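Throughout, read-outs are computed from the coordinates displayed, never taken from laboratory work. Quantities reported herein were computed from a predicted structural model and do not represent experimental measurements. Note that each Cβ is placed from the backbone with ideal geometry, even for glycine, and that neighbours are counted across all protein chains shown.
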Amino acid sequence: MRALGPGSVSSFLKLVLDVAYAAMLAGVAAALLMLLAAILFAFNPGLLANVHLPEAERFTDQAPLVVGGLVVVGAYMTGVLIILGALRRIFSTLTAGDPFRPQNVSRLRAIGLALAALELERYAVWGVSAWLPAVDDIRPGFSLTGWFSVLVVFVLAEVFREGARLRREAELTI
Amino acid sequence: MPIRVSLDKILMERRMSLTELADRVGVTIANLSILKTGKARAVRFSTLSALCRELDCQPGDLLVYQPGPAEEGEEEG
């Protein structure tokens, strides 16, 4: 199978990344709009009387919870969006035939930090939900897989840093 | 880099241009300029022997060791 060009693994991965990025961008935009609407309704309960929404009364009672939930979902999707954006940029350097650039090291580190932030966000959600009597379907759990991914990405960033140094040296070898 | 390349001096002595040397050695002018300005990090033996052949000199005539403070961005080891 070809490494680059049409019909190659990389072209398939590029397609997957592009689709996932577009979907996540739409998801973040939708979450933002829903958050704005939730904040608007939370501060103006009178507006709900004009809008025909199922379970509108329940929303009035749980407005802070809904807003908090949307903030969490929006933050999670933004984290994934950052990761996908960095991956797309790394991939564009690969298709350009020059992946060992110093910029890719910082991109990989950004991905590692975003993964770590997503893991920490999960713990924060569990911690906060434990104090909320209205939320009882979020179960705490510790998984090493997430932290293992963070470790793998940071190791890869170091590999890329050395690769970028070697590429620079090869460039200046006459 | 404490290694200095005295290509300028030898070219002047031989009354040869950088373009002519690049043609004879089979190295691009851009790469030869990198070598001449001391920006090169390494020289292949094949390039060095071609330079010595065309300039009729020894490697020691081309390369001079001049210890000094490490340049910015230069890594030790």
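Would you please give the FRET efficiency between residue B:48 and residue A:148, computed as 1/(1 + (r/R0)^6) with r the Cβ-Cβ distance and R0 = 51 Å, to the nearest 0.05?
0.60
Considering only the other residues whose Cβ falls under 13 Å of the Cβ of residue A:82, what net charge follows from Lys and Arg at +1 and Asp and Glu at -1?
Result for the local shell: +3.
Leaving out same-chain residues fewer than 8 places away, which lysines sit with a Cα under 24 Å from that of residue B:9?
The reachable lysines, counting only those whose Cα sits under 24 Å from residue B:9, are B:36, B:39.
On average, how many beta carbons from a partner chain sit within 10 Å of the beta carbon of a residue in B:11-19?
Partner Cβ neighbours, averaged per residue: 0.
Using a cut-off of 13 Å between beta-carbons, work out the net charge of the residues near residue A:20 (Lys and Arg +1, Asp and Glu -1, residue A:20 not included).
+1
Report the full-extension gain for the segment residue A:132 to residue A:172: residue separation times 0.36 nm, less the Cα-Cα distance, to one decimal in nm.
Full extension from residue A:132 to residue A:172 adds 8.3 nm.
So, R0 is 22 Å and r is the distance between the beta-carbons of residue A:13 and residue A:103; what FRET efficiency does that work out to, to 0.05?
0.70
Each label point is 7 Å from the Cα along the Cα-to-Cβ direction; what then is the distance between the points at residue A:89 and residue B:9, in nm?
About 4.7 nm separates the two model spin labels.
Please compute the modelled spin-label separation between residue A:71 and residue B:23, points set 7 Å along Cα→Cβ, answer in nm with one decimal.
7.3
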